[in-house]
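J.: My structure is below; once you've seen it, I'll send some questions.
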Amino acid sequence: MSSLSFALGSSVLGRPVASALALMLLVAAPLASQDDPALVARARAIHERVMTLDTHVDISPAAFRRDAANYVSGVERNQVDVPKMEAGGLDAAFLIVYTGQGRLDSAGYAGAYAAAMEKFAAIHRLTDSLAPNRVGLALTAEDARRIYASGRKVIMIGVENGYPIGTDITRVKQFA
């Protein structure tokens, strides 16, 4: 568990037990009885008072453009976007900077780095200019708590695959 996930689990959500209970209730509700209003009400009450978090949302930079359907207006092919987060009560999401691995040479590393930087830029465009009143970029657990308390959706960045680092270890710090 990452330190940010742990901090969210223990500070923002209250007790980790509440998070586990909410998950169990939401999973068990369809199995036990979708028609049990008391159980559904308990699950909804927990959902309303905790920060809900998706730890892995794949993205495409094309979904962050200004001139077409985008992450803010809604993109049908996306499983997650801001309107869907708002409609479904998803409070926070890790948007993933992923690059598939290719050749292990300078050209391959350069291409992967460029693709990763394009995804970082798309996420910053979302939080800085496309929807700053609806979402905020959290770089720390405290940022996540502050953004969540403001009523905006929390956007965090996850990096999957170290390929864009190439042979330049200073990129770890840059990506962080």
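Coordinate-derived values only; no laboratory data. The model shown is predicted, which means the values in this text are computed figures rather than measured ones. Heads up, the Cβs are rebuilt from the backbone with ideal geometry, glycines too, and the neighbour counts pull from every protein chain shown.
J.: If one puts a single equal scatterer on every Cα of the range 89-156 and applies the Debye formula without solvent, what log₁₀ I(q)/I(0) results at q = 0.12, 0.16, 0.21 Å⁻¹?
T.: Summing over Cα pairs of the range 89-156 leads to -0.40, -0.60, -0.82.
J.: What spacing in nm lies between the two simple spin-label points modelled at Asp58 and Asp143, each 7 Å away from Cα in the Cβ direction?
T.: Spacing of the two 7 Å Cα→Cβ label points: 2.5 nm.
J.: List the lysines whose Cα sits under 27 Å from the Cα of Lys84, skipping any in the same chain fewer than 8 residues away.
T.: Lys119, Lys153
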